[in-house]
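Notes to accompany the following structure.
The values are calculated or read from the model by the stated rules, or taken from the named source; none is laboratory data. What you are looking at is a predicted structure, and each value in this text was computed from that prediction instead of being measured. Heads up, the Cβs are rebuilt from the backbone with ideal geometry, glycines too, and the neighbour counts pull from every protein chain shown.
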Amino acid sequence: MTVTSACHAPAAVQAQPPAASEKAPCSKTDAASAPEDSVKISDAAKAAVAAAQTASHAAEKEATETPEQTAREATHGDHQAQRLIARHAAAAYAARR
């Protein structure tokens with residue numbers, strides 16, 4: 001693949017300062033008339049972004065959860081809450097030894 005500049009001028013022209021009546025290379029009109037790149041995001045990518053945002057929000061809620069809420073969730077079968085309580089109990093036991 002070859003990429004070239006839309007505002008390419010020969011070396012001889014670049015070495016000389018442009019005259020007042022000459023159009024300078026890479027003027028605003030050249031940039032405005034150049035085609036713009038666009039990106040189309042697939043539905044799968046949009047779904048992945050939405051899932052990541054949801055997971056981030058859930059992690060934030062878990063981090064700010066009170067010990068009482070964690071205990072309540074553990075008694076209702078939340079495995080993550082059960083592991084957290086077990087980890088805290090093991091740390092407390094190790095601290096007492």
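Which residues, counting only those in the stretch 19-46, are outside any loop (DSSP other than H, G, I, E, B), surrounded by 10 or more Cβ atoms within 10 Å (Cβ to Cβ) and at pLDDT 70 or above? Passing the criteria: 45, 46. Pairs are defined by a Cβ separation below 9 Å, a sequence spacing of at least 6 or placement on different chains, a first member in the stretch 33-44 that is among the polar types (S, T, N, Q), and a second member that is surrounded by 10 or more Cβ atoms within 10 Å (Cβ to Cβ); the pairs so defined are 33/6. Considering only residues of the stretch 50-75 that are loosely packed, with under 14 Cβ neighbours inside 10 Å and β-branched (Val, Ile, Thr), which is nearest to the chain's Cα centre (by Cα)? Checked the stretch 50-75; the qualifying residue nearest to the chain's Cα centre (by Cα) is 54.
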